[in-house]
1. Counting just the residues of segment 134-179 that are among the hydroxyl-bearing types (Ser, Thr, Tyr) and part of a loop (DSSP other than H, G, I, E, B), which one comes out surrounded by the most Cβ atoms within 10 Å (Cβ to Cβ)?
2. For segment 105-114, check the following and say yes or no: at least one residue is of a type in the set (A, V, I, L, M, F, W, C), assigned to a strand (DSSP E or B) and under 25 Å from Cys18 (Cα atoms).
3. Ser136 - would you say it is among the hydroxyl-bearing types (Ser, Thr, Tyr), touching a residue at least 12 places away in the same chain (Cβ under 8 Å) and in contact with a Pro (Cβ under 8 Å, 6 or more places away or on another chain)?
4. Just to be sure before I move on: is Glu118 more than 18 Å from Ile180 (Cα to Cα) and open to solvent by 80 Å² or more (accessible area, probe 1.4 Å) in the structure I sent?
5. Taking the condition of being open to solvent by 50 Å² or more (accessible area, probe 1.4 Å) and assigned to a helix (DSSP H, G or I), how many residues in segment 88-100 meet it?
6. Would you check which residues across segment 101-110 are over 23 Å from Thr159 (Cα atoms) and open to solvent by less than 70 Å² (accessible area, probe 1.4 Å) and list them?
7. Within segment 1-87, which helices (runs of 4 or more DSSP H) (wholly inside it) include 1 or more residues that are open to solvent by less than 60 Å² (accessible area, probe 1.4 Å) and farther than 17 Å from Asn199 by Cα?
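The values are calculated or read from the model by the stated rules, or taken from the named source; none is laboratory data. Note that the structure is predicted; figures quoted are calculated from it, not measured. Cβ sites come from the backbone with ideal geometry, for glycine too, and all protein chains shown count toward neighbours. These accessible areas exclude ligands, DNA and RNA; they are computed on the full protein's heavy atoms, side chains included. Shrake-Rupley method; radii C 1.70, N 1.55, O 1.52, S 1.80 Å.
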Amino acid sequence: MAIVRAIGKPDLFVTMTCNAKWPEITQALLPGQTAADRPDLSARVFRLKLKSMLEDLSAGVLGLEVARIHVIEYQKRGLPHAHCLLILAESDKPRSAADYDRLVSAEIPDPANEQLYETISKSMMHGPCGRSNPNSPCMKDGSCSKKFPKQFCEETRQTQDGYPLYRRRNDGRTVTIKNIALDNRYVVPYNPWLSHKYNSHINVEVCATVSSVKYLYKYVYKGHDRVAFSTHETVDEIQQYVDARYSMLTRSQSPQHADPVLPVVGQ
């Protein structure tokens, strides 16, 4: 928040996820292995890819960068991903629908561009979910928690929740996943240049209003999951509490311990 106060709100929110099918990973696996068997390999390749993408961002592929923060975390299935917040110079801040369309696309690309089409088809399509797949992980209380499918929209326009309503034309293009045809309503917003170069899930969102600042900064600083455990002894917290209470009462009832010192539980 100190950065926002000094420089201004973030302009772009970029999420990059490791692609388990990158050739740098698959070619180094032994017969029968998968990327899940080599988290060290996945982490190293992702780190190199992320470093390259951050260098591209610093070079200005999305605009002149004034400040950037990013954090790396791991999904439950073990793949690393990074959340980046970019603050751009005044001359490059996205302010109009044309600026949004220049930076972000939410449509299936032309199949003539085979590499980009393949990346978007395999990495940037959400679902299927909803009635066609009610058991999808994103489903909650009978609806998609990510609010897919989105609505068709002929032109990009601003909304009140901090994110634009991106252009999603009903152009007839579809991608078939699990025997279900998905159209532009299921496309996760992306930047064509980054997706074409890195062949990965790279979600790019425009932070249009200041209302998204609190959520975004809380998101990138939430940290990783942690757990405390011991392999040498079993800690009985209930018994520790009972022992501490008994010790405290015994000492307080003794004349020579008018001011008992409470024991520290767990030490």
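1. Tyr166
2. Taking segment 105-114 first, the residues of a type in the set (A, V, I, L, M, F, W, C) are 106, 108, 112.
Narrowing further to those that are assigned to a strand (DSSP E or B): none.
Looking through segment 105-114, none of the residues is of a type in the set (A, V, I, L, M, F, W, C), assigned to a strand (DSSP E or B) and under 25 Å from Cys18 (Cα atoms).
3. no
4. Working: more than 18 Å from Ile180 (Cα to Cα): no; open to solvent by 80 Å² or more (accessible area, probe 1.4 Å): yes.
Criteria not met by Glu118.
5. So the count comes out to 3.
6. Result: Pro109, single match.
7. The helices (runs of 4 or more DSSP H) meeting that bar are 2-7, 39-59.
Yes or no, residue by residue, for (1) charged (D, E, K, R); (2) in contact with a His (Cβ under 7 Å, 6 or more places away or on another chain); (3) at pLDDT 70 or above; (4) surrounded by fewer than 19 Cβ atoms within 10 Å (Cβ to Cβ):
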{"residue": "Ala181", "(1), (2), (3), (4)": "no, no, yes, yes"}
{"residue": "Ala208", "(1), (2), (3), (4)": "no, no, yes, no"}
{"residue": "Lys218", "(1), (2), (3), (4)": "yes, no, yes, yes"}
{"residue": "Val227", "(1), (2), (3), (4)": "no, no, no, yes"}
{"residue": "Glu237", "(1), (2), (3), (4)": "yes, no, yes, yes"}
{"residue": "Asp243", "(1), (2), (3), (4)": "yes, no, yes, yes"}
{"residue": "Pro255", "(1), (2), (3), (4)": "no, no, no, yes"}
{"residue": "Val261", "(1), (2), (3), (4)": "no, no, no, yes"}
{"residue": "Val265", "(1), (2), (3), (4)": "no, no, no, yes"}
